[in-house]
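The values are calculated or read from the model by the stated rules, or taken from the named source; none is laboratory data. None of the values given here were measured: they were computed from a predicted structure. Note that we place each Cβ from the backbone using ideal geometry, even for glycine, and neighbour counts take in every protein chain shown.
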Amino acid sequence: MAKKVLICNPVAEEAVEMLEDAGLKVDKEFGMSKEELTEKVPPYHGMVVRSSTKVREPTIDAAENLEVIGRPGIGLDNIDLEYAEDKGIAVYNTPTATTISVAELTLTHILASYRDIVAGTNSLRKGEWIKSELASNEIYGKKLGIIGYGNIGQTVGEKADALGMDVIAYDVRDLEETEPAEMVDLDTVLKESDVVTIHVPHMESTHHLISDDEFEKMKENAALVDCSRGGVVDEDALHEALKNEEIRFGSKDVFEEEPPGEHRLFELDNFHATPHIGAQTEEGQIRAGTQAAEKIIDELK
């Protein structure tokens, strides 16, 4: 009898085809509550989940046949990882699949801030022509400070370097290969950067890593770009820093609560955002889905 795989969130059709071509029985069930997932999971040997599906201890306890969980994407905070591994369940993510996608969105946020893209668009929609008021700037020659110099941070650094930015970075690890970035401490990143971009996971040690004290250290004309995880930046502190012009621009792709609803950040003209689309490119999704499928196939076969 073929082993069964439960896909809990939409993935690239190429990934589904790979699983089926490998002789696995694939079922799709989207939008389940945690109770529904716990009830559904017992007969399955493999499971594919995105960030919106939480795999917690009760679900893992119920998953009596589960051998592997595939997570197309980077973060594993939606899975009780140690508990699953203690139960003998292999858990795989795809840490490099969407690196380019997130890095490109980060550069998009930087350029949109520096060239007043949102303000320009909004003014035209109102029938205004404010060309002379949009005194924007080049990013060439500006200093980019990267907090978290992993796969995404390094890719952002390489692309920014190619655009003529000077790159410095901070990471908790002692890294050997850091070009093009000069590794510095966190205070230096905050104090010297014209743009600060964040690429760290959300955990206890990074919760509100950027808050009131950090904004006070940043330049008045600095921009903050957050394409990491909700909760790394203190959103109330960001609001105050932008409102009081402690920093010039702020942008986010992630929020502590998603969707964020009528967040007061959206009242500010010097803030813009995207709805957690860092990994949402066609190319990135195909890579993420197929890489997860490969891991599941290897584990179940």
Inset, instruction - Output yes when any residue across segment 19-42 is out of contact with any Cys (no Cβ under 7 Å at 6 or more places or on another chain), of a type in the set (S, T, N, Q) and touching a residue at least 12 places away in the same chain (Cβ under 8 Å), and no when none is. - result: yes
Inset, instruction - Report whether or not Ala90 is over 22 Å from Ala222 (Cα atoms), touching a helix residue (DSSP H, G or I) at 6+ places or on another chain (Cβ under 8 Å) and either surrounded by 15 or more Cβ atoms within 10 Å (Cβ to Cβ) or without any contact (Cβ under 8 Å) to a residue 24 or more places away in the chain (or both). - result: yes
Inset, instruction - List the strands (runs of 3 or more DSSP E) that sit entirely inside segment 75-181 and contain at least 1 residues that are over 29 Å from Phe215 (Cα atoms) and either at pLDDT 95 or above or not charged (D, E, K, R) (or both). - result: 90-93
Inset, instruction - Evaluate segment 46-63: report whether one residue or more is surrounded by fewer than 14 Cβ atoms within 10 Å (Cβ to Cβ) and hydroxyl-bearing (Ser, Thr, Tyr). - result: yes
Legend entry - Residues (part of a strand (DSSP E or B) and either over 24 Å from Gly284 (Cβ atoms) or among the aromatic types (Phe, Trp, Tyr) (or both)) located in segment 1-37: Lys4, Lys25, Asp27
Legend entry - Residues located in segment 252-275, provided they are part of a loop (DSSP other than H, G, I, E, B), of a type outside the set (D, E, K, R) and without any contact (Cβ under 8 Å) to a residue 40 or more places away in the chain: Val254, Phe255, Pro259, Pro260, Gly261, His263, Leu268, Asn270, Pro275
